[in-house]
Structures are given as structure tokens and as C-alpha cells.
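> Below are the C-alpha cells for one structure; questions will follow.
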Amino acid sequence: MVFHIEELAYDKLKNYLQTIRSHFSVSDGRDEIIEDIESRIAEILLQILGKSRQVVTSEDVDQVMSVMGKPEDFAGADDAAGSTSQTTGDAATAESTIKRRLYRDPDERVIAGVCSGMGHYFGIDAVWLRILFIIIFFMGFSGLLIYIVLAIILPKAITPTQKLEMRGDPVNISTIRKETESPAVKREPSGISNVFDLFLSGIKIILKGIVYIITAFFAFIALIVLFSIGMAIMAMLGVGGLTIPVFISDQFLSRDQQMWTTVAFILLFAIPAVWLIIRLVKWMFNIKYNTHRLNVAVGILFILGLAVAFFNVYDIARDFAKDAKIRNTVEVLNPSAQTLSLRIMDDPKYDEESHSNVFSTRRGNFSVTTGSDFVFNQDNVDFKVEKAPTDQFELIQVFTAEGRTEKEAMDNVKSIKYNFEQKDSTLMLSDHFPIPKGVKFRNQKVLLILKVPVGKSIYIDESMVDILDDIDNVTNTWDGDMGGHTWKMTDAGLMCTDFDFTTNKTDDVDPDNMDIKIDQHGVRIQGKDANDKDKNVNIKIDKSGMHVKTEDAK
């Protein structure tokens, strides 16, 4: 243990220890006695200092000497053991706090010394405790498990100081000397106790290895957190060519929000990670150093980090407080045929850009493409079909966005630039829209509603599936199955004209719950449909051709 000590107190303590060493120079077990005395002095100093002070003064050394015994009393009779001077103040408090401590007694053990040590602690004859363990053992073998756990967690009383603490005797120079020079008679260990010692040693080695592995894992996680936060700070400052992802820096958080987010991450993760590493290093290398002030400081900074994070999240949420909407109606030219074909328009510029997946949603990826503008893909564009009140196709565009104020929300709506085009009987829609740089993402969305006159049809290309939004139809066909078919608007709603979904109903098979097996017998596919029912699809390919059979799984 490391102590900060005043110069006068150091000289006094040094002379005191030299006198003790001189006194025990001819005693058997001198080194063991001195080690126990020094350990006891360190323990008393820790009790005196407490958590309020860190520097040992001359008065503290006087209190230690009062508890341990003064040099001039060393030559007294052996019956002086335990008869230390009565003190007041902190010394009396330190002496009065000496209580029995729970150890395993190696001198009176039958197996591991658990019952003997507990007997000293509770003031009970160890025989009764042994009988109790035997009774519990025969009642359900739990007694053996309890005994093994106690044998693992209870330390063995090895040093004279530990044996004195086990019996509740005062721990001072006289009692330590007496315990060392006149030790108790040891019980010879039995064969079962030796085997049990080997068993305990193996268990402790395994547990210690597990603890070290867990400790190393948490240390590794802490280092990763520190590295990540360090890289984020470097990106904030533009060091080493690092930059914050443009979606965060340019399109989502303001400059102040970025700064406070970084501060919150440092307070909530970086500082606790450093604290955790310090604690792990202290534990692994058994470093005895008072970190009370560090613990308090880390706790205060963590609470401050929670406050910063809360108010920053609140500030970000305010940017989505108000919403605005713009609705436009665009006439679609009646196609020369009775069927209007719908598909996703080709956009070479968009397709060539690199995508950065930010969110994963039910229907697909919400991705952001960087370039001259920011492009939001798929899930922020929805497409619906409704019955037209006239004989003219119409396309209604509904743009929505949010903002801190109604004016800001309306400005965000106006920033949406959505494109589509029509070539004769083909209406080409876009599954994305760009937002100019400088405009923050505030949940901008585009809803397209195609008004189809009764008696006219639309062909939905398979490329449209990603933007279809729960389109009503008379057969209640799932959006994912509507692609690749022609649908006619009737008084009852959309009806497919090139496939009978009533008698040839397709199932919405979840690919995550699909099992595919390929062997010499062919291919077997098993999945779950939209109604959570198992379906077996057996495909067999041989020289006679291909046979497909679909049936409910047994």
C-alpha cells in the first residue's frame, strides 16, 4: 500500500519499525512477525485516514503506536499480550473496530476448515456445524454444494494476524509475537482434506481463468469504445483527413448538436471506459491505491453526461415538432391504349452513385446517396391507387416534412424535388428524391396517389414493388404479388385481369423462415406463408422433366 506521509511522521514511523526489527532480531519467524506487524500498521492507518484525508501526520503515527504498543513496552512479560494502552479519539476507534473475521481454520480442519472457522466467528463448537452440514447433505446433497462454495470464497487464516482476527483477539505486537512463537497445535490433515485441497485449487484456477477472460473482454470493449470516440473527435476536428458521415454532419445534426453529441459521448462512454480500465488494472495487478476521489469525479461527470444527452435529444426532437404538407394534382395523359403501364424510371446518375445504408426497414433499405444533392431512397416514397371520379387519369403528389416551426417545416417541404415522366402509355416514377445540401433531413416524404378511372387498367411493373403502399384490391392480394400483372379498375376496386388470385392464391413466404434442402432426391423448400402456416414445396428434376408439388406441411 502506498501512503503519503509527512517528513516528521516518516522519521518517527521509521524509528518505530527499526526498534521492532531489533527487538525481534533473535526470534524465530522474524520476517513473518515483521510482515504481520507492518500489515496491521497499514490497516490502522487506513482506518484513521478514512476517505477524507490522504496524508499521514505525526499524530497518526502516535495513534498507531498507541494501538500496537510502544517500544519501551516490548520487553515486558508475555502476559502483556492484549494489554495495550487505552487511547482516545481515532486510536480508540481503530482498536474498537477489531472484530472477528470469517476465515477457514487450517489448524483445526477436518476437510477444509470451514466449520472450524465459522465456529470461531459465531462462537459455536465446530462439531455442531459439522453435524448440520451432514444433515443438510443427506436431505438433498445441497450441503456439499454449500460447503464447496464456502471453501472457495472464504480465505484461509495463514498469518498470525489472520488467526488472531479469526478468534477475535487484539492484534498488536505482543499478540502477534505470542501467536508466532507459541502457535496452536495443528491437526494433521487427513487424506480426504488433501484431496479436497487439490479439488479446490483446480476450481480456483478455473474460476480465476474465467474472471481474467471476462476482465480482458471488458477491457477490450473499453479500448474499442475509447478508440471509436477518439476517431469521432478527430473527425469532428478534421484531423488526419477524417470526417463525420455527411448524413450526420450535413443532413441531420446542426453544428451545435454535433458538438453536444460528442460531449455527451465523451462523458457517458469515454470517461467511464478509462475508469473501467483503471479499475481492471488495479484488480489484475492487485494495486492498493485510494481512488475514492476518482470514483466521485467519474460519477459526477456521468450524471452530467446524462443531462447533456437529455437536453441534446430534446433539442433534436424540437426540429421535428411541426409538420407541413403540400398537395399537387397533375393530369396524366390518357394512353392510346386502355392500359397505363407503371414502372420505376431509370436514373443512371443515381445508379452510379455509391450508397450508404443508414437504416434497415421492413420493405427495404433507407439509403442515402451523396453527390451534388442528397438522395433518399425507397421508403420515403409511397405509391397508392384510388378510383378516379372522372374518366381522366390523375396523379396526386403529397409532399410532407417536419421542422422546428411551421415556416421551417414548409421550407423543408418546398425543398423536395420529385421527378416523374410519361411516354405515351408508360408512366415512369422515381423511387427516390433529392434534397439540396444545406437542407436538414426532417422526415421529408413523398406520397403518390394515382387516380384510375373505372373501366381502365394499369400494368404494375415488378420494379414498382418497393414503393407500393397497401394498395386495395378485390382479392386482397399482397403488394409484393401485384407486380408483373395488369389490374383493371372496377366499381368494387382493382381486379387482376391476367391472373386469378382467387383460385391460384400465392403465399407471402418469409425468406427468413425458409428451409431449402438439395440432395439426390431433388430440391425441397419449406417456409411459412402470411398466415403463419407451413408449406412444403417439392421440386424434382430428372430425365423425365420437372415436377413441382405444393402441400401443407405435416
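> State which entries of Lys387/Lys437; Lys156/Lys282; Lys204/Lys282; Lys423/Lys488; Lys14/Lys163 exceed 30 angstrom in Cα-Cα distance in the structure shown.
Working: Lys387/Lys437 38 Å; Lys156/Lys282 23 Å; Lys204/Lys282 20 Å; Lys423/Lys488 20 Å; Lys14/Lys163 27 Å.
With Cα atoms farther than 30 Å apart: Lys387/Lys437.
> Counting other beta carbons within 10 Å of each residue's own, what order do Glu331, Glu43 fall into, fewest first? Intermediate values should be presented prior to the final figure.
Numbers: Glu331 10, Glu43 18.
Starting with the residue having the fewest Cβ neighbours, the order is Glu331, Glu43.
> Next question. Rank the residues Ser116, Ser341, Ser336, Ser22 as a footprinting-exposure proxy: fewest other Cβ atoms within 10 Å of their Cβ go first. Before the final figure, lay out each step's value.
Working: Ser116 26, Ser341 19, Ser336 8, Ser22 11.
In order of increasing Cβ crowding within 10 Å: Ser336, Ser22, Ser341, Ser116.
> Still on this model: By average Cβ neighbour count within 10 Å, what is the ranking of 260-267, 421-428, 292-299 from highest down?
Numbers: 260-267: 19.1, 421-428: 15.0, 292-299: 12.9.
The packing order, highest mean first, is 260-267, 421-428, 292-299.
> Using Cβ contacts closer than 10 Å as the measure, can you line up Arg101, Arg30, Arg53 from fewest to most? Display every interim value, and only then the final one.
On the way: Arg101 17, Arg30 14, Arg53 11.
So the residues, fewest neighbours to most, are Arg53, Arg30, Arg101.
> If packing is taken as the average count of other Cβ atoms within 10 Å, what order do 158-171, 475-488 fall into, highest mean first?
In decreasing order of mean packing, 158-171, 475-488 become 158-171, 475-488.
> Then there's this: Output wanted: per-residue J couplings in Hz (rounded whole) for the stretch 329-339, from phi through Karplus 6.51 cos²θ - 1.76 cosθ + 1.60, θ = phi - 60°, x for Gly and Pro.
10, 10, 6, 9, 4, 5, x, 4, 8, 7, 10
> I've got another one for you. In whole Hz and in residue order, list the ³J(HN,Hα) couplings for the stretch 211-227 that follow from phi through the Karplus curve 6.51 cos²θ - 1.76 cosθ + 1.60, θ = phi - 60°; x for Gly and Pro.
Residue by residue, the stretch 211-227 yields 4, 5, 5, 4, 4, 5, 4, 5, 5, 5, 4, 4, 5, 4, 4, 4, 4 Hz.
> What residues qualify as long-range amide H neighbours of Lys456, i.e. H under 5 Å apart, gap of 5 or more or another chain, H built at 1.01 Å from N?
Met489
> Can you list residues whose amide H is under 5 Å from Phe441's amide H, if they're 5+ apart or on another chain and H is modeled 1.01 Å from N?
Result for Phe441 returns Phe252.
Read the figures in this text as sums done on the coordinates, not as results from a lab. Since the model is a prediction, treat every value here as computed from it, not as a measurement. Neighbour counts are summed over all protein chains in view; Cβ atoms, including those assigned to glycine, are modelled from backbone coordinates with ideal geometry.
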